[in-house]
Amino acid sequence: MKFSKKLLSLLLATVLLIGTVMPVFAANVQPRWTNMTKFDIYINKAGGTYSVNVSGVSKTTKIEVTANLYESRTAGYTKVDGFTASRNSASLAASDSYSFNTSKLYKVVATAKVTANGITETVTLEKTA
């Protein structure tokens, strides 16, 4: 009986430990895309720019990006700026300038379409700063 209680306690402790450790590992996992190797959004309020960088696999023939900039307002976010860019290449870096109010919160929602091997993959990311 004592052995069973110890075993049950050890098993329960192990399950609880795994439950607290797993979210930490999951937070560091990067998404796995088929055509993309990199998709990053940068917001530089002090420098007055926001940008998107996308890289595709070696057989990438085209990358298209749409980025929308939103400013936090009382009733949520309002779109204040945006840009589109495309390139027949395996990488694309595009940016735009904006007069940021450094005391406000901004978010960029970017959608990238990467074509490789005749297949277009569409991914949307969001970053807040």
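The values are calculated or read from the model by the stated rules, or taken from the named source; none is laboratory data. Keep in mind that this is a model prediction, so the values were computed, not measured. Neighbour counts are summed over all protein chains in view; Cβ atoms, including those assigned to glycine, are modelled from backbone coordinates with ideal geometry. Side chains are part of the model used for accessible areas, which takes the heavy atoms of the whole protein and leaves out ligands, DNA and RNA. Shrake-Rupley method; radii C 1.70, N 1.55, O 1.52, S 1.80 Å.
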**Message:** Please give me the summed charge of the neighbours of SER55: other residues whose Cβ is under 15 Å from its Cβ, Lys and Arg +1, Asp and Glu -1.
**Reply:** +3
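Computing the accessible area with a 1.4 Å probe over protein heavy atoms, can you report the carbon and sulfur percentage for segment 50-123?
Within segment 50-123, the accessible surface is 43 percent carbon and sulfur.
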**Message:** List the lysines whose Cα sits under 21 Å from the Cα of LYS62, skipping any in the same chain fewer than 8 residues away.
**Reply:** LYS38, LYS113
**Prompt:** With charges set only on the Cβ (+1 for Lys and Arg, -1 for Asp and Glu), what does the dipole of segment 71-126 come to about its Cα centre, in debye to the nearest 20?
**Reply:** 80 debye
**Request:** Count charges around ASN88 for me, please; just the other residues with Cβ under 14 Å from its Cβ, Lys/Arg as +1, Asp/Glu as -1.
**Result:** +3
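At 0.36 nm per residue, and after removing the present C-alpha to C-alpha distance, how many nm does the segment from THR78 to LEU105 gain when stretched out fully?
Using 0.36 nm per residue and subtracting the Cα-Cα distance, I get 8.6 nm.
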**Asked** Arranged from highest to lowest average of other beta-carbon atoms within 10 Å per residue, in what order do the peptides 70-80, 102-112 appear?
**Response** 102-112, 70-80
**For segment 64-74, 3J(HN,Hα) per residue [Karplus equation, 6.51 cos²θ - 1.76 cosθ + 1.60, θ = phi - 60°, Hz, x = Gly/Pro]** = 10, 9, 10, 10, 10, 9, 10, 10, 6, 10, 4
**Request:** Under 10 Å from the Cβ of TYR77, count the other residues' Cβ atoms, weight Lys and Arg +1, Asp and Glu -1, and hand me the total.
**Result:** +2
**Request:** Highest first, please rank the peptides 55-61, 86-92 by the mean number of other Cβ atoms sitting within 10 Å of their residues.
**Result:** 55-61, 86-92
